[in-house]
Amino acid sequence: PKAMIDELHSMGIKVIVSVWPSVDRKSENFWPMLDRGLLIKTERGALQTYDFQGDCVEIDVFNPETRKYVWEVCKKNYYDFGIDAFWLDNSEPDFGVYDFDHYRYIDGPALSCSNIYPQLYSRVFYDGMKAEGEENIVNLLRCAWAGSQKYGNVVWSGDVPSTFEAFYDQLQAGLNMGLAGIPWWTTDIGGFMTDDVNDPDFQQLLIRWYEFAVYSAVFRMHGDRGPHNIPPLDDRDFGGGYLYTGQSNELWSYGEENYRIMKKYYDIRIRMHDYIKQLYDEASENGSPLIRTMFYEFPGDKKCWEMQDQYMFGSEYLVAPIFHLNEFKREVYLPAGRWEDTRDGKVYEGGQTIRAAAPIDSIPVFKKMA
């Protein structure tokens, strides 16, 4: 493994490994952890908390001994080989059944303290990496709680559907996360659960989501792309397999025209490198989110307290995503000041609502002029 990781590093690639908080009964770590009280307890019946791909019990991250044990295992098997970061999925944790009166941690019943679980889970890795001398720690989590931003958390919104309704919901989630003090937030571009990558409606959603994601903290393509018609690996390949393989999900996987649009917006993202770094520095210094409610930047404008479908990316860019299928124009409210349409350079006086064009290859983005 180290040779492979070294080769990837030589190509300028950072390597991240996914770790879940569940321990299968077949794992060599299950019985030692059970004997030492390092797993979640159940109040009654069988000891099982999760059953995806195995008969599992999840780790009790409230126990400092659990956090120490898990880090030592992951350090030996991943970190010491050069793994750069960890993708901490299912970090709520994801129980098989959400009967929170059934689970118990060392600190008490799940009903009393479950919400802080993802923050403590992230500290398994943050504290371990910090002890190894790491300074710039970044790990990806599916959930967070108050204070998670202190522990190297980048939070994504989870396995959301590939629908325009879900897309709209993501903006609300991201704006609220920022207001809660967690600036490092992102989504699966195009949503996670996709039935058919060849559906033109999905491809339009993907483009609209991609255009939005350029103006967010973390720019990330991810998703379970159907249809699931690719045969699983068999015994002649890698020792047997049963899980399906998703469809390709790179920029170039959706045809030349979609690639052209995504590459155009990828280049916009790269050109904003220095500006985004400035926003990252600001977030680190004072907690300012990267995607901001309109009232965050314009608290004296009563109309900005009502806006839910547009936002500020930092203090300079007003972004108005497209949240409906076959929508190629939309209303945009411009607060007081002067605003330049980033697409054609046209300047508008603020204090008005305009009807902005939104062809499939662009969304309305206005830069605040000094």
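The values are calculated or read from the model by the stated rules, or taken from the named source; none is laboratory data. Bear in mind that the values here come from a model prediction, so they are computed numbers and not experimental data. Cβ placement follows ideal geometry from the backbone for every residue including glycine, while neighbour counts extend to all protein chains displayed. We work out accessible area using only protein heavy atoms, side chains counted, and drop any ligands, DNA or RNA first. Shrake-Rupley method; radii C 1.70, N 1.55, O 1.52, S 1.80 Å.
A few comments on the model shown:
- Check on Trp184, among the aromatic types (Phe, Trp, Tyr) and at pLDDT below 95: yes
- Search result, residues across the stretch 198-229 that are among the hydrophobic types (A, V, I, L, M, F, W, C), in a loop (DSSP other than H, G, I, E, B) and open to solvent by 10 Å² or more (accessible area, probe 1.4 Å): Val218, Phe219
- Lone qualifier among Val138, Val97, Val124, Val155 - being aliphatic (A, V, I, L, M) and closer than 30 Å to Leu325 by Cβ: Val155
- Here Asp159 clears all of (1) more than 12 Å from Pro289 (Cβ to Cβ); (2) touching a residue at least 40 places away in the same chain (Cβ under 8 Å); (3) buried (at least 20 other Cβ atoms within 10 Å of the Cβ) except the condition numbered (3).
- Each residue in the stretch 243-254 was checked for being without any contact (Cβ under 8 Å) to a residue 40 or more places away in the chain and in a helix (DSSP H, G or I), and 2 pass.
- Extreme residue, surrounded by the most Cβ atoms within 10 Å (Cβ to Cβ), among residues of the stretch 1-39 that are touching a residue at least 60 places away in the same chain (Cβ under 8 Å) and touching a Leu at 6+ places or on another chain (Cβ under 9 Å): Pro21
- For the stretch 1-59, the strands (runs of 3 or more DSSP E) that sit wholly inside it and include 2 or more residues that are at negative phi and β-branched (Val, Ile, Thr) are 16-19.
- At least 1 residues being open to solvent by less than 60 Å² (accessible area, probe 1.4 Å) and in contact (Cβ under 8 Å) with a residue 40 or more places away in the chain is the threshold, and among the strands (runs of 3 or more DSSP E) wholly inside the stretch 255-370 those reaching it are 311-313, 317-319, 365-368.
- Test: residue in the stretch 173-192 that is part of a helix (DSSP H, G or I), more than 26 Å from Met272 (Cα to Cα) and open to solvent by 10 Å² or more (accessible area, probe 1.4 Å): no
- Unique match (being among the aliphatic types (A, V, I, L, M) and touching a residue at least 60 places away in the same chain (Cβ under 8 Å)) among Val57, Val61, Val73: Val61
The rows are residues; the columns are (1) of a type in the set (A, V, I, L, M, F, W, C); (2) without any contact (Cβ under 8 Å) to a residue 40 or more places away in the chain; (3) within 27 Å of Arg260 (Cα to Cα).
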residue: Ala146; (1), (2), (3): yes, yes, no
residue: Tyr168; (1), (2), (3): no, no, yes
residue: Asn176; (1), (2), (3): no, yes, no
residue: Pro200; (1), (2), (3): no, yes, yes
residue: Ile207; (1), (2), (3): yes, no, yes
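- Qualifying residue in the stretch 90-98 (condition: open to solvent by less than 50 Å² (accessible area, probe 1.4 Å), hydroxyl-bearing (Ser, Thr, Tyr) and not in a loop (DSSP other than H, G, I, E, B)): no
- Unmet requirement for Gly108, which otherwise passes all of (1) of a type outside the set (D, E, K, R); (2) open to solvent by 60 Å² or more (accessible area, probe 1.4 Å); (3) over 22 Å from the mean Cα position of the chain (by Cα): (2)
- Among the residues listed as Asp195, Asp169, Asp188, Asp199, the single one being touching a Gly at 6+ places or on another chain (Cβ under 6 Å) and over 21 Å from Ile268 (Cβ atoms): Asp195
- Selected residue (only one of Ser27, Ser10, Ser18 is at pLDDT 95 or above and within 23 Å of Asp159 (Cα to Cα)): Ser18
- Residue in the stretch 133-149 that is modelled with pLDDT of 95 or more, open to solvent by less than 10 Å² (accessible area, probe 1.4 Å) and either aromatic (Phe, Trp, Tyr) or assigned to a helix (DSSP H, G or I) (or both) present: yes
- Tallying residues that are touching a residue at least 40 places away in the same chain (Cβ under 8 Å), closer than 24 Å to Asp188 by Cα and out of contact with any helix residue (DSSP H, G or I) (no Cβ under 8 Å at 6 or more places or on another chain) within the stretch 86-115 yields 6.
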